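Q: I am attaching a structure below and will ask some questions about it afterwards.
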Amino acid sequence: MIQIRRTLSHVEDIHHEFGLVAAVPLRRGAIAAVLTNPFAGRYEPDLLPLMDALGPVGLEMAQHLLAAMDVPAARIQGYGKGAIVGAAGELEHGAVWHVPGGYAMRELLGWKPSHPDARAGTQPGNALAIVPSAKKVGGPGTALDVPMTHINASYVRSHFDAIEVRVPGAPAADEIVFVLAMSTGARVHARVGGLAAADIARWDGLR
C-alpha cells in the first residue's frame, strides 16, 4: 500500500521576531512525504490497513527529521503533525496519520506505554502530550499550517506554535502528503503568561 514519490525536509533557525536576538535560536523543522493514495477516487469503509502500514513510514520520517535538525532528541520540546489529501481523496484519508505519525515521534522522544501513574507527581518519561494535528484536502502546492505544542504538557502556552509546510507540485489528486514537525523550544519572544515549561507538575500530558 505504501508508494512514496518524494520527501521534503525543511529546517529553520529563528533568531528574533523584531525584538531582542535570542541567546539560543529556536530551531524548527518539518518533513513531508508524498505518497500514492490507495483509496483515491472511491469510498473505502476500512482505512485501518493503511494506518497500520504507515507505522514504519512514520518512524523513519521522525528519525530523518531529527537527523536533519541536527540536535539530540533531548533538545526537542515541541511537535506536531498533519496531512494534505489530494482532490480525489477525502479528509478521512488524512486522519489515518494520527496514530502512525504521532506515536512515531513520541516513541523517538522517549514515550513508553508502560509509564507509571503520572499522578504520582514525578516525571514518568517524555513526550507525554498528545501530538496536535491539522489536515485538509487541496491541490498541488497547497500549504498547511502544522500546529505544535509542548511535548509533555499541551497547556504550556509559550510553545503554542505552527510551521507552514508546502511541497511544490504535491499532492496530485491521487496522493497524500503526510507531515511531521518538531521544534527545540518556545516562540523566541513568548511573553503572554500561562503555564511555563519549567512549572509542569502533573505529568499527565496536559499540565
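Q: Would you be able to tell me the number of residues in region 38-62 that are more than 18 Å from Ile163 (Cβ to Cβ), in contact (Cβ under 8 Å) with a residue 60 or more places away in the chain and either under 20 Å from the mean Cα position of the chain (by Cα) or in a helix (DSSP H, G or I) (or both)?
A: Residues that pass the stated criteria total 2.
Q: Mind counting the residues in region 1-37 that are closer than 23 Å to Val99 by Cα and in contact (Cβ under 8 Å) with a residue 40 or more places away in the chain?
A: 19
Q: On to the next question. Output the number of the condition that Val188 fails; it satisfies all remaining conditions of (1) under 18 Å from the mean Cα position of the chain (by Cα); (2) assigned to a loop (DSSP other than H, G, I, E, B); (3) not charged (D, E, K, R).
A: For Val188, the failing item is (1).
Q: Of everything in region 1-49 that's closer than 19 Å to Ala88 by Cβ and acidic (Asp, Glu), which residue is surrounded by the most Cβ atoms within 10 Å (Cβ to Cβ)?
A: Top of the filtered list is Glu44.
Where a number appears in this text, it was derived from the coordinates with a stated rule and is not lab data. The shown structure was predicted, so the numbers you read here are calculated from the model rather than taken from an experiment. Cβ: placed from backbone, ideal geometry, glycine included. Neighbour counts: every protein chain shown.
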